[in-house]
Amino acid sequence: MEIPITKAAEMVGGECVGGENFVVKGINALDQAGPSEISFFSDHRYGDRLKKTKAGALLVSGINEEFNGPQIITANVALAYAKIAAFFAVPPTRYPGVSSDAVIGGDCRLGEDVSVFPMVYVGKGCEIGDGATLFPGVVLDQGVKVGKRTVLYPNVTVLRGCIIGNDVIVHAGTTIGSDGFGFVRDGASSVKVPQTGIVQIDDHVEIGANNCIDRAAFGKTWIKEGVKTDNLVQIAHNVVIGEHSIVVALAGISGSSRLGRGVMIGGQVGINDHTEIGDGAMVGPQSGVAKSIPAGGIFSGTPAVSHRTRLRNAALVARLPQFKERLRGLEKKVRELEDRLDENGE
Amino acid sequence: MEIPITKAAEMVGGECVGGENFVVKGINALDQAGPSEISFFSDHRYGDRLKKTKAGALLVSGINEEFNGPQIITANVALAYAKIAAFFAVPPTRYPGVSSDAVIGGDCRLGEDVSVFPMVYVGKGCEIGDGATLFPGVVLDQGVKVGKRTVLYPNVTVLRGCIIGNDVIVHAGTTIGSDGFGFVRDGASSVKVPQTGIVQIDDHVEIGANNCIDRAAFGKTWIKEGVKTDNLVQIAHNVVIGEHSIVVALAGISGSSRLGRGVMIGGQVGINDHTEIGDGAMVGPQSGVAKSIPAGGIFSGTPAVSHRTRLRNAALVARLPQFKERLRGLEKKVRELEDRLDENGE
Amino acid sequence: MEIPITKAAEMVGGECVGGENFVVKGINALDQAGPSEISFFSDHRYGDRLKKTKAGALLVSGINEEFNGPQIITANVALAYAKIAAFFAVPPTRYPGVSSDAVIGGDCRLGEDVSVFPMVYVGKGCEIGDGATLFPGVVLDQGVKVGKRTVLYPNVTVLRGCIIGNDVIVHAGTTIGSDGFGFVRDGASSVKVPQTGIVQIDDHVEIGANNCIDRAAFGKTWIKEGVKTDNLVQIAHNVVIGEHSIVVALAGISGSSRLGRGVMIGGQVGINDHTEIGDGAMVGPQSGVAKSIPAGGIFSGTPAVSHRTRLRNAALVARLPQFKERLRGLEKKVRELEDRLDENGE
C-alpha cells in the first residue's frame, strides 16, 4: 500500500513542499519511521526526536528548516496524521459471510456483506445491517438492531431490544442493555424495579472495552451521534449523552443524568444521578459531580467546583503552614503588646 | 396483559378511589404513559409532569385533586410501582431446554425446566437447579453449583467450585471465582499465593454487569442473601458482604473486609483490606475507607471520616480566603498598635 | 497429596523443630486447619487464633512456645506458606488436547500438550506455545502469539498481532489489544486515530479479571516481566510497565505513561498521560498522579504529592477549627488593646 506524497497532501488539504516524486509507504512516529515513511511534527517538546528521525517525509504546520525531505504543510497536523494513518490502517479482521458455527435465531434480517464469525449468537428477530461485523463471542438477545458497517468486537453482549446505529464500534467485553440498578426498599430487603426500556446508540459512536451501558427503567438510555467512550465506563439507566461528547476510562454516570453536546468527562469521574452537564462543559479527572454544571463550565474536585475555585482552595491549603506561623507570630506580638501596656499602665 | 385496577390495588395493598372498572394495560412514567396505563406520583418536583400526564390512572400516597382518573392510594408508592411493573415485565428470554450447541461435561446434575442456550460451556460435576437460565457465552468451570431459577446472563464466567444460590441474577460479563490478588515478595519479584477457596453467593442476590468477585485464599468469599451490586464492582478474596447490603458501581472492596447487614456503599468507593463496616452504615460516593466504620455510621471523603466532620472541614476550607483576609487585617492592626506604643513610649 | 514435614522444611529452606515423622496433608489458615494440616503464624495480631488452632504443625519465624506440634522455622513465613500452598494447590482445569468444538484458523502453530477447550476461537496465523491452556470463550484474533504454559481464562479476548509470553496468567473477561483511545477534533466531531501497534506481555505476568490493555498507536504497549495487575485495571495505549510492578484494582494508567521496575500503584489510582513513575515508587490508593514521580517516591492524594506533605496538609486542615478559634481570640485581644490605647491616649 502506497500513495504519492502529492496525493497525500491533497487528502489532508495541505501543501507539499519539496520532493514531489516521493511515494509514501507508511506513517509512523518520529523515532520509529523509516525512509519510505512519513512522520509528523507539531509538539516542540519532541524537537530532539525530529533531529534524529529517519522518516522520509513530514507533516508539519510550517516548514521545518532542520528537515531535508519533503514536507506537507497543514493547519491541523494531528488531523492530517489521523487521515493518512486511516489510509494505511489494516481494517478489522472479517469473516467471509455468516459462519455455520454461528447460531442465528428465527425472523432475523441480515443485510448484504455481513461478517458473522463462528461462536456468535443472534437471538430471534434481530436485524444486522449491511457490512456489519460480529466477532466471535458476540451475543445478541432477541430483537436487537445493529446498523450498517458497525463492528462488535469479541464477547460483546447486547440485550433485548437495544438499537445500535450505523458505523458504530463496540470494543470487546462490553455489555449493552443490562438492567438498570433500580431497587425499592421493602423493610430490610430490596425489591427489584423492572427495567423495561432499552439502550439506543446513534451513528458514529465508539464504545470502549468492558463498558456497561444499562437499559432504561422506561424509555431509553441514549448515546447520541459521535460519542466516544474509553474503557471500563459505567453508564446507568436513562442517561442521555449528547452528540460528540467524550467519556474517559473508569468514569461512572449515574441514573437519569443528561450530558449535553461536546462534553468532556475525565477519567474516574463520578456523576450524581439526575444531574445536567451543559454543552461543552469539561470535568477534570477523578472529580465527583454532585450538582449540575452550566454549559461551558470547567469543573474539578470532589465535590466538583469551578476549576478556578478549586485551584485557589488548593493553593490556600498548601499555604496553611504559613498561616500557622503567622498566627503564632501574631499571638506572640499581641502578648508582648499586652505586657507593654500592663507595664505602662502600672 | 392486563389487570383490573381493583386487583392492582389488592396486589399492592392499596385503596382504589374512583373508576373501579378501569383496566390497567401497562405502567409507565408520567410523561410517557397513555390512557390505558397507570403511572405514579410521589415526588413533588415532578408536579409539572403530573399536570400534563395522559396516564389513565395513578399510584399516589394521598388523593391528588388535580388528577381526574382513578387513583390507588398506598403508603409506599415506589414499592407499589415496582410490584405492578413486575406484573407487566417481560421475563428474561429463555431457551427451551438444553441446546445441542451447548457443551455439558460429565457427572452434571441438571434440574427440571432448565434453559441452557447454545454456546454455553458447563464443566464436569456441575449442578444446575430447576428453572435456571444460562445465556450464550456462559462458562462454568468444574464443580460449580447454580441454584433454582437463577439467571446467568451472556458471557458470565464462574470458576471452579463456586456456589450460587436460588433466585440469583448475574448480569453479563461478570467473573466469579477468579484468583484473589495474593503475592509474596521474594527479592525483587512476586510469588503467587495459591487461592484455594471459593465464592459463595446466597439467595436473592443480584450482581451487576462486568463485576469481579475473587475466590478466597482459604475458605470463602461470601455474598449473603439479598445483596445487590451495580456494574464494574470489584470484590476481593475473603470479603464478606452482609444481608441486603448495596454496592454501587465502580466500588472496590479489598481483601478480608467485612460488611454488615444493610450497608450502603456509594459509587467509586474504595475500602481498605481487613476493614469492618458495621450494620446499616453508609459510605458516600468516591470515599476511601482506611479504617473500620461503626454500625449506623455515615462516612465520606478520603480518608473517610464521619460525614458531619467532612462537611465541617470542607466549609472551613471554603472559608480560607476569609481567614487570609482576617490574618492580614490583624497583622496590620498589630503593627499600628506597636507604632502607637512606640510613639507613646518615646 | 502429602509431604513429610522434613521435605516441606527443605522446600522452604527452613529448619524443622520437633515431630520429624509428621506428614503434612494440607495447609490452611489458623482457624480452619485440622490436625493433619500445617498452618502459619507471623502476625501477632492473630495470637488468639494461634491459641485455639487445631493445626498439626506450624510455619514460624521463631519457635513458638505456646504451640506443641512440630514447627518449621523460616525467615520469610509468608513466602514459605506460598510455596507449600503451591505444592498442594489444584492446578487450573485442563482440556485433553484441542476440542473439536473449538475453531482453529489456518496457518496456526500449536505446541505440544496444549489444552484448547470447546468454544475457543483462534484466528489465522496464531501460535500457541507448549502446555498453554485456552478456556472456553477465549477469542484470539489473527496473528496472536501465546507463550508456553500460559493460561487464558474464560472469555478473554486477545486482538490482532498481540504477543503474550511464557507462564503468563490472564484472568477471565480481560481484553488485550483493544484500540487505544485516540481521537482528533475536527470541528465539533472526533476523528479516529488508527491504532496500529500491539500489546506485548512478557513472561511471568499475571493480569486480573476484566482488565483492558489497549494496543499502541504505534509500536507497542508493553507489560514487562513479572508484572501483576488486579481486577478491572485500565492500561492505555503505549504505556510501559516495568518489571515486577504491581497495579491494584480499578486503577487507570493513561496513554504513553511509563512505570519503572517494582512500582506499586494502589487501587483506584489515576495516572495522567505521558507521566513517568520512577523505579520502586509507591502511589497510595485513590491518588491522582498529575506529574512524574521520582524513583523511590511515596506519593498520595489528588493531585498526588509526597505522602509526608499530604499527611501534614491533612493534619493542618483537621486543625482549622482551632485556627478559627485562635483568630477569633486574637481579634478580641487586639480590639481590647486598641480600646486601652485609646483610653490611655485620651
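The values are calculated or read from the model by the stated rules, or taken from the named source; none is laboratory data. No experiment lies behind these values; they were computed from the predicted model shown. So basically every Cβ, Gly included, is an ideal-geometry build from the backbone, and we count neighbours across all protein chains shown. Heads up: the accessible areas ignore ligands, DNA and RNA and are worked out on the full protein's heavy atoms, side chains in. Shrake-Rupley method; radii C 1.70, N 1.55, O 1.52, S 1.80 Å.
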Problem set entry | Qualifying residue in the range B:197-204 (condition: outside any strand (DSSP E or B), over 19 Å from B:I246 (Cα atoms) and open to solvent by 40 Å² or more (accessible area, probe 1.4 Å)) | no
For this session: Select from the range B:63-76 the residues that are of a type outside the set (S, T, N, Q) and either surrounded by 22 or more Cβ atoms within 10 Å (Cβ to Cβ) or closer than 14 Å to A:A217 by Cα (or both) and list them in ascending order.
Result: B:I72
Problem set entry | Top-ranked residue of the range A:77-100 - restricted to ones that are farther than 26 Å from A:L134 by Cβ and within 21 Å of the chain's Cα centre (by Cα), ranked as surrounded by the most Cβ atoms within 10 Å (Cβ to Cβ) | A:A80
Problem set entry | Residue under evaluation B:P136, criteria (1) assigned to a loop (DSSP other than H, G, I, E, B); (2) crowded, with 24+ Cβ neighbours inside 10 Å; (3) under 17 Å from the mean Cα position of the chain (by Cα), criterion not met | (3)
Problem set entry | Output for the range A:265-286, where each listed residue is under 21 Å from C:V233 (Cβ atoms), open to solvent by less than 20 Å² (accessible area, probe 1.4 Å) and within 12 Å of chain B (Cβ to nearest Cβ) | A:G267, A:V269, A:G270
Problem set entry | Residue in the range C:169-192 that is over 23 Å from A:T93 (Cα atoms), within 12 Å of chain A (Cβ to nearest Cβ) and touching a helix residue (DSSP H, G or I) at 6+ places or on another chain (Cβ under 6 Å) present | yes
Problem set entry | Qualifying residues in the range B:287-326 (those that are assigned to a helix (DSSP H, G or I) and among the β-branched types (V, I, T)) - the one most open to solvent (accessible area, probe 1.4 Å) | B:T309
Exercise. So which residues in the range A:318-345 are over 19 Å from C:E325 (Cβ atoms) and facing chain C (nearest Cβ under 9 Å), if there are any at all?
Worked result: A:A318, A:L337, A:L341, A:N344, A:G345
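The rows are residues; the columns are (1) assigned to a loop (DSSP other than H, G, I, E, B); (2) open to solvent by 10 Å² or more (accessible area, probe 1.4 Å); (3) out of contact with any His (no Cβ under 8 Å at 6 or more places or on another chain).
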site	(1), (2), (3)
A:Q142	yes, yes, yes
A:P154	yes, no, yes
A:R160	yes, yes, yes
A:G177	no, no, yes
A:V184	no, yes, yes
A:S190	no, yes, no
Seminar exercise, completed: Within the range B:206-228, of all residues that are within 10 Å of chain A (Cβ to nearest Cβ) and either over 18 Å from A:G173 (Cβ atoms) or among the aromatic types (F, W, Y) (or both), the one surrounded by the most Cβ atoms within 10 Å (Cβ to Cβ) is B:V227
Exercise. Of all strands (runs of 3 or more DSSP E) completely enclosed by the range C:1-107, which ones contain at least 2 residues that are touching a residue at least 40 places away in the same chain (Cβ under 8 Å), more than 14 Å from chain B (Cβ to nearest Cβ) and charged (D, E, K, R)?
Worked result: none
